[in-house]
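Below you'll find the structure, written out as structure tokens, and then a few comments.
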């Protein structure tokens, strides 16, 4: 039997996620404006962002499969945390310095390449963290474990999202590039600090957490080790919910900066001071939704117990949908904090509820592989969004990125409805039993 862990133990085993999300938030909040500073066209932004889901789709199942079969002096999952953190930190340091490599290759392509390395490295660390929760915790603590991860993700994301704004507005670090095509100092120093936070937090988890040897997990789940590969029914049901949820998120991440710059700052010029101000404000807005997700995280187990996991997830996605749609009605960028609160509610649920619904349906000795495969329900919708939204923006939305945010809201709305159709394993067993009795 797996031991019930204390809050502190679960916190330590998940603490590395704070650093991973710190780096991820810096990327989410600043990649679009960095790439546009390097010369990327707004219609092509989503193509650069394709790097993230493509690398995730390729790497996470492989890392999951390998980590299931790895055992070293520091465990099975922790070696992957550490390698991924080192590589991500290097990419964070190099990315804002891409223009200085312009003698070798165009900065835009250097930036795109470093974005690919950063995403690949983040994925090496991220997937084993999901598997570790299911490895270490008994079923009754799964929701708590993923909720603590959501809390730490929120804290890291708030710090990563707000740091460029804080450096530029509170500490006097320059918010303007020294010359055209360079990244402002406040963004550059934020990436440096992000690298330090990432490696430090992952090391904390590596040195404070132990793991069950693979033999113990196999003994606990011996009947399942004899089963052939199968897709749990709950995973299949979650696929459509995940598709529309992550299609929406990808559109929001890519187009919020140009949308806010156009609608509220009146510019599409990435080299202008107004555009940089818009980018800094988007960092604050992204920090708000991540702060809300962190604050809400520890209430998710209570809500799931009272209302049910799928109902909790559906309500959260519905609130997120209304929040994105409300971008149309606001005329002052300061009020965008209001929809960010709703997006934070949806984000908290997206980070926890699908994994809590899925974890107990996966064989313990194949947890990494299945979690890696489930990641395709995150990466595939982002790839489709990346391929299509630039075309939609140009030919359907008349180059108005605000409508991409509205499209994301509609996608959340569809996901909310589909979440209510999910049947958990107990419901499926009951339905199958009734069907067999009626034969």
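The values are calculated or read from the model by the stated rules, or taken from the named source; none is laboratory data. The structure presented is a predicted model; accordingly, all values stated were derived computationally and were not measured. Ideal geometry is used to build each Cβ from the backbone, glycine not excepted, and the neighbour counts take in all protein chains shown.
Is there any pair linking a residue in the stretch 384-407 that is surrounded by fewer than 16 Cβ atoms within 10 Å (Cβ to Cβ) to one that is modelled with pLDDT of 90 or more and not in a loop (DSSP other than H, G, I, E, B), with Cβ under 7 Å and at least six apart or on different chains, and which?
Pairs found: 399/393.
Within the group 20, 10, which residue is touching a helix residue (DSSP H, G or I) at 6+ places or on another chain (Cβ under 6 Å), buried (at least 24 other Cβ atoms within 10 Å of the Cβ) and at pLDDT 75 or above?
Answer to the check: 20.
If I filter the stretch 232-279 down to residues being outside any helix (DSSP H, G or I) and at negative phi, which single residue comes out as modelled with the lowest pLDDT?
Per the stated criteria, the residue is 271.
Return the only residue of 6, 67 being more than 18 Å from residue 198 (Cβ to Cβ) and without any contact (Cβ under 8 Å) to a residue 24 or more places away in the chain.
6
If you take just the helices (runs of 4 or more DSSP H) that sit entirely in the stretch 178-231, which of them hold at least 3 residues that are modelled with pLDDT of 80 or more and on the phi < 0 side of the Ramachandran plot?
The qualifying helices (runs of 4 or more DSSP H) are 185-208.
Can you tell me which residue in the stretch 305-317 is surrounded by the fewest Cβ atoms within 10 Å (Cβ to Cβ), limited to those that are in a helix (DSSP H, G or I) and more than 19 Å from the chain's Cα centre (by Cα)?
306
Testing residue 309 on (1) out of contact with any helix residue (DSSP H, G or I) (no Cβ under 9 Å at 6 or more places or on another chain); (2) farther than 21 Å from residue 29 by Cα, one condition comes back false. Which one is that?
Among (1) out of contact with any helix residue (DSSP H, G or I) (no Cβ under 9 Å at 6 or more places or on another chain); (2) farther than 21 Å from residue 29 by Cα, the lone unmet condition for residue 309 is (1).
Residue-wise test of (1) assigned to a helix (DSSP H, G or I); (2) under 30 Å from residue 138 (Cβ atoms).
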residue	(1), (2)
3	no, yes
12	yes, yes
19	yes, yes
24	yes, yes
28	yes, no
34	yes, no
39	no, no
44	yes, no
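Could you list all residues from the stretch 127-148 that are within 17 Å of residue 366 (Cα to Cα) and assigned to a helix (DSSP H, G or I)?
Answer for the stretch 127-148, where residues must be within 17 Å of residue 366 (Cα to Cα) and assigned to a helix (DSSP H, G or I): 127, 128, 129, 130, 131, 132, 133, 134, 135, 136, 139, 142.
Please pick out the residue among 361, 323, 293, 349 that is assigned to a loop (DSSP other than H, G, I, E, B) and either touching a helix residue (DSSP H, G or I) at 6+ places or on another chain (Cβ under 7 Å) or modelled with pLDDT under 90 (or both).
361
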